[in-house]
Amino acid sequence: MNVTLPWPPKDLSPNSRIHWSRRSKAAKSYRRACHVLTLEAGIRGVDWEGDIHLWIDFYPPDRRHRDDDNMIAAFKAGRDGMADAMGLDDKRFRIHPYVKDEIGGMVKIRITPGPEGYRSAQ
């Protein structure tokens, strides 16, 4: 199962210094968008037992340097939206992030029931 999601808003970056209410609005909006896009991709309830592996390919919107841990943190609301669409608790997710060299401003995710090794979410 694959889904392409938009790049997280800059207000969700752990390095942004904004008011909590502005961050909350950005998180709610991004979570909802990722929820809808996950459903549109045909990803709904999963009947797998155990862990669910998310192979996450981050395609930054520009060439600026970004830390992978900040990308993962900024994507938290998107991950929650995916979990909402799949009808499960995101504590089952095991993430495998990868920062791509290409510019794209998106996050591509491949969902698998096991750690079968990295394969691009393309």
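The values are calculated or read from the model by the stated rules, or taken from the named source; none is laboratory data. Predicted model only: the values in this text are computed from it and were never measured. Glycine gets a Cβ as well: all are built from the backbone with ideal geometry, and neighbour counts include every protein chain shown.
Structure notes:
- Check on residue 21, under 17 Å from residue 106 (Cα atoms), surrounded by fewer than 20 Cβ atoms within 10 Å (Cβ to Cβ) and small (Gly, Ala, Ser): no
- Residue selected from the range 36-46 under the condition at pLDDT 95 or above and not small (Gly, Ala, Ser), by the criterion farthest from residue 77 (Cα to Cα): 40
- Residue match in the range 19-35 (condition: at pLDDT 95 or above and outside any helix (DSSP H, G or I)): yes
Listed here are the residues, each with its yes/no results for (1) under 21 Å from residue 99 (Cα atoms); (2) buried (at least 16 other Cβ atoms within 10 Å of the Cβ); (3) without any contact (Cβ under 8 Å) to a residue 24 or more places away in the chain; (4) among the polar types (S, T, N, Q).
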position	(1), (2), (3), (4)
11	yes, yes, yes, no
27	no, yes, no, no
40	no, no, yes, no
72	yes, yes, no, no
